[in-house]
1. Suppose we filter the range 141-168 for residues that are within 22 Å of the chain's Cα centre (by Cα) and modelled with pLDDT under 95; how many remain?
2. For the range 210-289, give me every one of the strands (runs of 3 or more DSSP E) that falls completely inside it and has 3 or more residues that are in contact (Cβ under 8 Å) with a residue 24 or more places away in the chain and touching a strand residue (DSSP E or B) at 6+ places or on another chain (Cβ under 9 Å).
3. So, of the residues in the range 25-60 that are of a type in the set (Asp, Glu) and in a helix (DSSP H, G or I), which turns out to be surrounded by the fewest Cβ atoms within 10 Å (Cβ to Cβ)?
4. Looking only at residues that are among the β-branched types (Val, Ile, Thr) and in contact with a strand residue (DSSP E or B) (Cβ under 8 Å, 6 or more places away or on another chain) in the range 104-124, which one is surrounded by the most Cβ atoms within 10 Å (Cβ to Cβ)?
5. Can you name the condition, by its number, that Leu84 falls short on among (1) in contact with a Leu (Cβ under 8 Å, 6 or more places away or on another chain); (2) closer than 30 Å to Pro140 by Cβ?
6. Would you mind listing the helices (runs of 4 or more DSSP H) fully within the range 86-164 where at least 3 residues are without any contact (Cβ under 8 Å) to a residue 40 or more places away in the chain?
7. Exactly one condition in (1) assigned to a helix (DSSP H, G or I); (2) under 30 Å from Asp2 (Cβ atoms); (3) hydroxyl-bearing (Ser, Thr, Tyr) is not met by Thr198; state its number.
Amino acid sequence: MDAYLDCLDLELSRTIDLFKARGIIIDTVYIGGGTPTVLDQQALERLLGIIDLALEKLGKKHLLEYTVEAGRPDSLDRAKLLLLKNYGVNRISINPQTMNQKTLDLIGRNHTVEDIINIYHEARQVGFESINMDLILGLPGEDANDFAHTMDQIGPLMPDNITMHTLAVKRGSSYKEDFEQYDPDRGGIAERMAEICTDWVDRLGMVPYYLYRQKYMLDHLENVGYSLPGKECLYNIQIMEEKRSIWAFGAGAISKVYYKDQDRLERVANVKNLDDYLDRIDEMIERKTRVLL
């Protein structure tokens, strides 16, 4: 972990110097791509400090939104929430996926439904005023009644964003062998779940603000982000509209550089493999440098 943070620090600091020279402004920061809060307290503080130093160089006055995808509730505690808050993070995700304990156990989530509720309330007490919660339609073994139970638990918490994901099975998953993307025998179960979700978000006063699809999605549905008015995630809007440059750092990160005069994006990808990233960090920095110079 120390070696990874060393490389991330180097990649970010070198690139930020070029940003400053070019007059590039950063107005949103998103730490995601998984569950960054699995870092222990010391490593998480170092990561936030690295980012804070970069933002200081560019001027924090431009920053409108700072999101951390906290994800699993078992990766969070009050100390980490306070740390995030102290470094200026103003939006987090706490992602239950489901509020049915039998499903959490089946899919290998090492936490309870009570853990989700408790850490959500803890985040509110710490002072987070923008919280997203991810849900998944069509998890193994669930029916419409199970999803209705999930929404009956999530709705009263009154999160600011709800992202409704449809189950997408990855090619490397063991579940992929038995997965049928569309099966008429399911009788449109995912659609019924989606209707339950949209009924709840309507009651909560949320509106849809972005949508995207992935490969191998159940019943050919989509993922939809819902938000209370004024609480939309700016980063999600920007990355979906593809009219802004998105600069990404770390293993597997893909920057998308927008050329307004040509209305096109150029991808600048980092290698995915961790060992390759550590060994080839100078090359990753050079890829960004070529675009910026």
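1. Of the residues in the range 141-168, 4 are within 22 Å of the chain's Cα centre (by Cα) and modelled with pLDDT under 95.
2. 223-227
3. Going through the qualifying residues, I end up with Glu56.
4. Ile116
5. Only one criterion is unmet by Leu84, namely (2).
6. 101-106, 113-126
7. Condition (2) is where Thr198 drops out.
For (1) modelled with pLDDT under 95; (2) under 24 Å from Ser227 (Cα atoms), each residue gets a yes or a no:
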| site | (1), (2) |
| --- | --- |
| Leu82 | no, no |
| Lys85 | no, yes |
| Gly88 | no, yes |
| Thr103 | no, no |
| Ile107 | yes, no |
| Glu122 | no, yes |
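The values are calculated or read from the model by the stated rules, or taken from the named source; none is laboratory data. Everything numeric here is computed off the predicted structure, so don't read it as measured data. Virtual Cβ from ideal backbone geometry, glycine too; neighbours counted across all protein chains shown.
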